[in-house]
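Read the structure below first, then the notes.
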Amino acid sequence: MLGKLRKSVAKLPFHESNLALKQVKCDACIEENGVCKCDNGDIEGMVMTEDAADQQARSGNSSFLHTVLNMSGMLIGLGQLSTPYALENGGWGSVFLLVGLGFICTYTSHVLGKCLDKNPKSESFADIGENAFGRKGRVLTTTFIYIEIFMALVSYTISLHDNLITVLSGPQIKLPGVPNLHTSQLITVVAVLIALPSLWLRDLSSISFLSSGGILMSLVVFISVVCTAAFGSVEANHSIPFLHVKNIPAISGLYIYSYAGHFVFPNLYKAMKDPSKFTKVSIVSFAACTLLYTALAFLGAKMFGPEVNPQITLSLPRHHFITKIALWATVLTPMTKYALEFAPFAIQLENNLPDSLSSRMKLIIRGFVGSILLLVILSLALSVPYFEHVLSLTGSLVSVCICMTFPSAFYIKLSWPHISKPVLILNLSLIAFGSILGVLGTISSAKMLIKTLLRAHSTRVR
């Protein structure tokens with residue numbers, strides 16, 4: 001009897017349920033004993049406060065290690081492949097830009113955590129934007145997030161295709177009725193289809209095994225490059241110029257993209273068992289990535305000099321067994337990234353679906369939309385296979401805003417007027433610096449992409 005009444009009470013609004021639960025207890029006592037012996041202490045033990053209920057509902061299940069894996073897995077990837085190319089073209093002096101951006105993005109990750117602390121009900125990057133600048137802030141941040149997700153997935157798929165060309169350069173496969181589809185394109189389609197089920201994962205702690213796979217594959221690439229140099233296959237004897245100032249705008253986009261991922265960080269923060277450790281997670285993750293990027297950048301540039309490919313794996317000697325391992329690791333890396341990149345969009349999609357839909361139906365809609373989106377991305381990646389230009393444009397056009405300018409702007413707005421003058425100056429400086437890098441980098445990378453497309457078109461016409 002008492003259990004049934006409690007289930008009915010659970011359907012009431014919070015404050016009404018507190019009163020009703022008190023009445024249920026008394027009615028039960030009267031029914032059983034004829035005398036109510038309830039006191040306030042018993043009732044208080046049964047009734048959960050609204051804040052406690054909200055806190056329990058929002059508590060995450062990801063440990064410190066899970067979150068480090070998710071954040072590091074989000075960061076390490078294509079940026080690693082392109083840093084040797086960026087360092088060679090920007091000069092060894094540009095490493096200060098690479099490391100400096102690492103420090104800046106660590107700070108802006110910390111700032112996002114502070115923004116979430118100020119409004120615990122915020123669940124995503126877009127929520128922070130709305131808290132800071134209203135509805136327009138949400139629309140702007142959501143637009144940039146979706147553009148970055150889209151362009152990042154295009155870049156991952158281009159990388160997948162480029163490395164498959166090398167690793168499977170032997171056999172030629174033709175499908176009847178599709179004469180223009182090359183072998184590498186066909187195998188890329190198959191690889192993307194294999195990765196599709198990962199978009200159906202909902203729990204970030206479950207996705208962490210994909211992050212672990214991505215980190216493992218990235219370490220394999222790094223070790224492969226080190227072994228290639230250590231075993232004498234390629235001597236690291238090329239000199240790196242000090243600085244190519246004219247190339248800095250273009251390579252800045254590659255460097256910035258290496259630290260892209262801030263739009264996922266609020267979701268990682270909310271998924272943590274102990275969000276107070278989020279800053280430590282950021283420090284550990286960004287420090288590891290910066291060290292890896294710097295070491296690989298110098299090693300790759302010293303090994304291959306001006307001939308270094310925008311993807312370091314494509315510069316390694318093709319006949320070596322180590323190269324095969326590195327190529328396969330690079331092929332598998334994008335397949336581990338799709339779920340994490342898609343997570344913010346998927347969460348927002350589910351939140352916007354009617355509550356009347358069952359969890360199973362929401363999962364089906366989420367998976368279906370993600371599958372269609374990934375197939376569109378696949379088509380675009382096969383049509384515009386220019387890795388370095390797409391990656392640089394992504395970094396300069398959207399990543400710099402999400403990684404640098406937006407977090408600082410959010411923090412200033414949400415902390416005003418209590419923000420200290422030094423912190424205000426710091427964040428305003430980051431906004432200005434990020435805006436300059438973004439504008440110059442977007443112009444430079446867009447010009448190079450257009451030139452490459454026109455050149456490829458004229459070649460096909462001939």
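The values are calculated or read from the model by the stated rules, or taken from the named source; none is laboratory data. From a predicted model like this one, the values you see are computed outputs, not experimental measurements. Cβ: placed from backbone, ideal geometry, glycine included. Neighbour counts: every protein chain shown. In case anyone asks, the SASA skips ligands and DNA or RNA and just uses the protein heavy atoms, side chains included. Shrake-Rupley method; radii C 1.70, N 1.55, O 1.52, S 1.80 Å.
This table checks each residue for (1) in contact (Cβ under 8 Å) with a residue 40 or more places away in the chain; (2) among the polar types (S, T, N, Q); (3) open to solvent by less than 10 Å² (accessible area, probe 1.4 Å).
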| site | (1), (2), (3) |
| --- | --- |
| V220 | yes, no, no |
| V226 | yes, no, no |
| S239 | yes, yes, no |
| D274 | yes, no, no |
| F278 | yes, no, yes |
| F286 | yes, no, yes |
| C289 | yes, no, yes |
| Y293 | yes, no, yes |
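Looking at (1) out of contact with any Asp or Glu (no Cβ under 9 Å at 6 or more places or on another chain); (2) farther than 28 Å from I443 by Cα; (3) open to solvent by 10 Å² or more (accessible area, probe 1.4 Å), find the lone condition where L316 falls short.
(3)
Looking at this structure, is I372 touching a Cys at 6+ places or on another chain (Cβ under 9 Å) and in a helix (DSSP H, G or I)? Let's see the steps before the verdict.
Values: touching a Cys at 6+ places or on another chain (Cβ under 9 Å): no; in a helix (DSSP H, G or I): yes.
In short, no.
Of the conditions (1) more than 16 Å from L291 (Cβ to Cβ); (2) among the aliphatic types (A, V, I, L, M); (3) at pLDDT 85 or above, M71 fails just one. Which one is it?
Condition (1) is where M71 drops out.
When both residues are 6+ apart or on different chains and their Cβ atoms are under 7 Å apart, which pairs have a first residue that lies in the range 370-386 and is under 15 Å from L193 (Cα atoms), and a second that is hydrophobic (A, V, I, L, M, F, W, C) and open to solvent by 50 Å² or more (accessible area, probe 1.4 Å)?
I377/F150
Okay, residues lined up against (1) among the aliphatic types (A, V, I, L, M); (2) farther than 19 Å from I248 by Cα:
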position	(1), (2)
L393	yes, no
L397	yes, no
C403	no, no
P407	no, yes
F433	no, no
L437	yes, no
R455	no, yes
S458	no, yes
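Say we look at the range 241-251 and pick out the residues that are among the hydrophobic types (A, V, I, L, M, F, W, C) and open to solvent by 20 Å² or more (accessible area, probe 1.4 Å); which of these is nearest to H389 (Cα to Cα)? Give the steps one after another, and end with the answer.
Step one: filter the range 241-251 for residues among the hydrophobic types (A, V, I, L, M, F, W, C), giving 242-243, 245, 248, 250-251.
Next, from what is left, pick out any that are open to solvent by 20 Å² or more (accessible area, probe 1.4 Å): 242-243, 245, 248.
Details: F242: 23, L243: 20, V245: 18, I248: 14 Å.
Looking at the filtered set, the residue picked out is I248.
Among the residues of the range 155-165, write down those that are touching a residue at least 24 places away in the same chain (Cβ under 8 Å) and open to solvent by 10 Å² or more (accessible area, probe 1.4 Å).
Of all residues in the range 155-165, those touching a residue at least 24 places away in the same chain (Cβ under 8 Å) come to 155-164.
The answer is H161, D162.
Any residue in the range 413-430 that's without any contact (Cβ under 8 Å) to a residue 60 or more places away in the chain: show its pairings with residues that are crowded, with 16+ Cβ neighbours inside 10 Å at Cβ separation under 7 Å, as long as the two are six or more apart or on different chains.
I419/I412; L424/I412
Yes or no: V331 at pLDDT below 85, over 17 Å from the mean Cα position of the chain (by Cα) and not hydroxyl-bearing (S, T, Y)?
Values: at pLDDT below 85: yes; over 17 Å from the mean Cα position of the chain (by Cα): yes; not hydroxyl-bearing (S, T, Y): yes.
Here the answer is yes, as V331 does meet what is asked.
Conditions (1) open to solvent by 10 Å² or more (accessible area, probe 1.4 Å); (2) hydrophobic (A, V, I, L, M, F, W, C); (3) within 25 Å of T157 (Cα to Cα); (4) touching a Ser or Thr at 6+ places or on another chain (Cβ under 6 Å), marked per residue:
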site	(1), (2), (3), (4)
P266	no, no, no, yes
Y269	yes, no, no, no
L332	yes, yes, yes, no
A339	no, yes, yes, yes
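If you scan the range 296-323, which residues turn out to be of a type in the set (G, A, S) and more than 13 Å from G79 (Cβ to Cβ)?
Once the filter is applied, which keeps residues that are of a type in the set (G, A, S) and more than 13 Å from G79 (Cβ to Cβ), the range 296-323 yields A301, G305, S315.
Condition test on G100, is it out of contact with any helix residue (DSSP H, G or I) (no Cβ under 7 Å at 6 or more places or on another chain), closer than 23 Å to I312 by Cβ, at pLDDT 90 or above and open to solvent by less than 30 Å² (accessible area, probe 1.4 Å)?
Working: out of contact with any helix residue (DSSP H, G or I) (no Cβ under 7 Å at 6 or more places or on another chain): yes; closer than 23 Å to I312 by Cβ: yes; at pLDDT 90 or above: yes; open to solvent by less than 30 Å² (accessible area, probe 1.4 Å): yes.
Here the answer is yes, as G100 does meet what is asked.
One residue is enough: does the range 413-421 have a residue meeting the conditions outside any helix (DSSP H, G or I), open to solvent by less than 50 Å² (accessible area, probe 1.4 Å), within 30 Å of S122 (Cβ to Cβ) and modelled with pLDDT under 95? I'd like the intermediate steps shown before the answer.
Filtering the range 413-421 down to residues outside any helix (DSSP H, G or I) leaves 416-420.
Cutting the leftovers down to open to solvent by less than 50 Å² (accessible area, probe 1.4 Å) gives us 419.
From what is left, the residues that are within 30 Å of S122 (Cβ to Cβ) are 419.
In the following step, the residues that additionally are modelled with pLDDT under 95 were identified as 419.
Yes, the range 413-421 contains at least one residue that is outside any helix (DSSP H, G or I), open to solvent by less than 50 Å² (accessible area, probe 1.4 Å), within 30 Å of S122 (Cβ to Cβ) and modelled with pLDDT under 95.
Please go through the range 82-138 and pick out each residue that is polar (S, T, N, Q) and more than 19 Å from G395 (Cβ to Cβ).
Initial filter on the range 82-138 (polar (S, T, N, Q)): 82-83, 89, 94, 106, 108-109, 119, 122, 124, 131.
Listed by number, the residues that qualify are N119, S122, S124, N131.
Taking the range 115-133, which residues are over 19 Å from the mean Cα position of the chain (by Cα) and open to solvent by 30 Å² or more (accessible area, probe 1.4 Å)? Before you say what the answer is, go through the steps one by one.
Restricting attention to the range 115-133, the residues satisfying the condition of being over 19 Å from the mean Cα position of the chain (by Cα) are 117-121, 130-133.
If the condition is that a residue be over 19 Å from the mean Cα position of the chain (by Cα) and open to solvent by 30 Å² or more (accessible area, probe 1.4 Å), then D117, K118, N119, P120, K121, E130, N131, F133 are the ones that fit.
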